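Where a number appears in this text, it was derived from the coordinates with a stated rule and is not lab data. Computed from a predicted model, the values in this text were never measured in an experiment. Glycine also receives a Cβ, built like all others from the backbone with ideal geometry; neighbour counts cover every protein chain displayed.
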Amino acid sequence: MRKEYDFDLFVIGAGSGGVRAGRMAAAKGKKVAIAEVSALGGTCVNVGCVPKKLFVYASQFPELFHASQGYGWNIQQSQSFNWETLRDNKTREITRLNGIYQNLLSNSGAQIIKGRASLEGPQQVSINGESYSAENILIATGGWPYIPEFEGSELAISSNEMFTLEQLPEKAVVVGGGYIAVEFAGILNGLGVKTDLIYRGDRLLKTFDPQCSEKVTEGMIAKGVNVHLNTEVRSISGKENKLSVHLNNGQSLEAGIALYATGRTANTQGLGLENTAIKTQSNGTIIVDDYFKTAETNIYALGDVIDRVQLTPVAIQESMLLLEQLYGENKPRMDYDNIPTAVFSQPELATVGLTEQQARDKYSNIKVYESDFRPMFETLGQGEGRVYIKLIVDSATDRVVGCHMVGEHAAEIIQGIAIAIKAGATKADFDQTMGIHPTVAEELVTLK
Ligand code: FAD
Ligand code: NDP
């Protein structure tokens, strides 16, 4: 006889992955609980993608004001920026989204339980002093910012705090060379904060195509960010809002904030993993098989906590595949190839497929097509912006295996190109496609 459980599925974490899994399972008639210790929607909605993109929009206005003059506009009133307005309007929008997530989950029939959940055993979860049994458990607890420990590191803040700053500093130091550091350096600089970006390596965004990271770095410097490569922070002294950041080259930078964007670690503390057979890597990442199963038969994990690709659409897709496996007809495997991604840096970078080096390693012969041009907007706008495009083709099959872009609308354009690449489009297919004129994107179908 089938054992009775309190729930068919107990989801821990109502972020990108957990909400999708919880709501779809409940919509299929399953009895679902979803535990959330903080705000519904997780990192992406509350302290990630969404508020970050709103801040990026805000930070782009000074360049638009400047460009507008070449287009005949005379900006009458003196421009000024009010941080509180942006921060509080952003918070209102996020609160609205939290409500939407609440409705989506409740309307699907999932039971939301607010609080920190912890595993008591392979099929037992405790939360707020109550214990619940579940046929299956999904861990979707995401990640948490990692700040290394050093003298004064307690004075550093993470991206989490950037969304609720009391006031915008006049000067900021940003540490790191990945997505978050580069995005926030652009945001702060655009909002008028004198920004120093400190990176220990010799190339920002080092996992991306080298030409693209160079173009982003050049563009950021042209817009006013002080980029310090091959530089490390030794210590931070001072007090809140009045910091001195001491570098290994002897220089000290004064700043109101020191933002550390030095990666994220799996959110597994206090999760009770020790009460199960679940295994983790040394950095805390939960180990799962190709089907998101942990070392416990009834416990699955996905999203940032398994750290395969830390992106919202990836966590969502992993959830959809898990649901198909648990409650559908098939047992599909996640395809991690050709995942498009964008860095909302200024200038923007977007990419899909292999970098030139990865393509050279994989194929015996490749062709590389490049274009670097001044987009039409800048002619009257009189800005410095440029667009760089690189297309990589496997010579043997003519298939396009990588596309990389820096500049205006890169993310929007690469999303469309990703469909073509996923569908196996060849360079000949690109060439036979009509351009839309006049656009930046038409360059992609006229590359010679
Ligand atoms: P999360 O969204 O982190 O959700 C996990 C949830 O679990 C959280 O709400 C947490 O409070 C909860 N939780 C944790 N432990 C417990 C517990 N014990 N009990 C109950 N609840 C618990 N990705 C993009 O694709 N595009 C972007 O532009 C982008 N920008 C980003 C910007 C920033 C600043 C950051 C930090 C991330 C960004 N990301 C972006 C990454 C994206 O946010 C994550 O990949 C995504 O949120 C991962 O989803 P998840 O479900 O795995 O985890
Ligand atoms: P990343 O992994 O992208 O970058 C971390 C950076 O911190 C690297 O440059 C790394 O340097 C540096 N670093 C690590 N440890 C130290 C240290 N001890 N001292 C100095 N520097 C250090 O992480 P992020 O925090 O920027 O972002 C986390 C993830 O969130 C991203 O990987 C991405 O998946 C996701 N995200 C996605 C976004 C998007 O889609 N637009 C936006 C923001 C985040 P090194 O390279 O030398 O190791």
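Observations
- Cα centroid separation, segment 324-362 to segment 91-125 (Å): 28 Å
- Sparsely packed chymotrypsin sites (Phe, Trp or Tyr not before Pro) within segment 1-71, loop by DSSP, other Cβ within 10 Å at most 13: Y71
- For peptides 241-248, 344-351, 17-24, sequence by mean Cβ density within 10 Å, most packed first: 17-24, 344-351, 241-248
- Reach of K171 by Cα under 14 Å, taken over aspartates and glutamates that are not fewer than 8 positions away in the same chain: D196, E240, E254
- Across the options V227, Q269, G250, the greatest Cα extent toward the positive end of the charge dipole of segment 223-276 (unit charges at beta carbon of Lys, Arg, Asp, Glu) belongs to V227.
- Relative packing of peptides 300-308, 322-330, 367-375 - highest average C-beta neighbours within 10 Å first: 300-308, 322-330, 367-375
- A simple spin-label model places the labels of Q432 and A396 2.3 nm from each other, with each point 7 Å out along Cα-to-Cβ.
- Residues in segment 113-127 reached by a label modelled at K3 [backbone nitrogen below 18 Å; 7 Å Cα→Cβ]: 119-126
- Residue-span extension gain [E370 to L447] - 0.36 nm each, minus C-alpha spacing: 27.0 nm
- Full extension of the chain between K362 and A425 gives 20.9 nm of extra length, using 0.36 nm per residue less the Cα-Cα distance.
- Given K215/K390; K53/K422; K90/K194, the pairs whose alpha carbons are separated by over 18 Å: K53/K422; K90/K194
- Under 24 Å from K279, Cα to Cα: lysines that are on another chain or at least 8 residues apart: K293, K331
- Point-charge dipole on Cβ atoms (K/R +1, D/E -1) for the chain, about Cα centre, debye to 20: 420 debye
- Antiparallel bridges, percent of DSSP beta bridges restricted to segment 127-284 (to nearest 5): 50 percent
- Bridge type composition, the chain - antiparallel percent by DSSP, nearest 5: 60 percent
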